[in-house]
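Every number here is computed from the coordinates shown, using simple stated rules; none is lab data. Fair warning: this is a prediction, and the values are worked out from it, not measured in the lab. Quick reminder, even Gly has a Cβ in these numbers, built from the backbone with ideal geometry, and neighbours come from all protein chains shown.
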Amino acid sequence: MMMVNTSGTCATTKLTQCRSFGISMNDVGGKFARDPEHATDLGLDDFLARKDVIRQVEQWAETTRTEWAPILYLYERDWGHLVFTDMTLTRFLLVMVFPEACGCGNFSHHDYDALTKYQGDRFMSLLKYLHHAEAKPQWVRGTYVTKANGFALDPRFLESLAPPPETTRNIVHITPATFVPSLLSNELDSIDAVLKQGGTRVPKTVRYQVLGNKAARPDVSAVWKSKNPRQCAQCGAVSTKDLMLCGRCRLIHYCDRECQRLAWPLHKLVCKKT
């Protein structure tokens, strides 16, 4: 029986699992239906903020008689992303959960409009890379919430799923025709490593369509550039510091050599396939 880690933070893995095993198996809503202490990879404030956003989207979906599932709550260099998908895996809602202002005086660190647009472009780039052959993405609709506004979604975000007026900067609506290619070469190499496990290879022509450069990245503070907490594949410990990376597949993290040794009998069955 295939087990899906709903706490996984790899967007590539999660999206491919949604297509292979179904959206319901990858729904992270259950994680936020439990007590916060069970979510060891999130602080209390982060947990409660995400839980509140999920509640708002669930209420909207129930009212409109539509189906949306939260499939990601943390990924890559996380700035607070929550990602919801419809049941066709072609339409996505992205909600950023931003921290309080750092007070450094650099306003670009808090240009939440630009940061949300950038992350929307990145996610559309990933979708186009993964889903270039069938069930192609229609759009990514993004916005953000902050502690200052009580983590409340702008009502306009869900009132209509049509592109917002250009003056509505806190809501972005990104399509395959309007996205800015935003994935770097090393990021695409990491994505390819994940896809290789399933025997998938993406044509180079598709790679060129989503390849961006660092110049497209908005200026952010050093604290926001800190890496995601990683989880040891053996003992499950979560650390904000760099963990050991499997030198062969470069996909799995460990606390130390001992955890790597203990995990090897099972991991080698997958690792050698890469």
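Altogether, the Stokes-Einstein calculation at 25 °C and 0.890 mPa s, with the Kirkwood radius of segment 11-225 over Cα pairs as Rh, returns a diffusion coefficient of 137 µm²/s. Placing unit charges on the Cβ atoms only, positive for Lys and Arg and negative for Asp and Glu, gives segment 11-225 a dipole magnitude near 720 debye about its Cα centre. Close amide H pairs (under 5 Å, H built 1.01 Å from N) link Leu183 with Gly212, residues at least 5 positions away or on another chain. Site pair Leu262 and Val238 shows an inter-label distance of 1.9 nm when each label is modelled 7 Å from Cα along Cα→Cβ. Legend: residue pairs Lys51/Lys128; Lys14/Lys147; Lys14/Lys128, Cα-Cα distance threshold 18 Å; pairs beyond threshold, Lys51/Lys128; Lys14/Lys147.
Placing pseudo-labels 7 Å out from each Cα toward the beta carbon at Glu134 and Val202 gives an inter-label distance of 1.9 nm.
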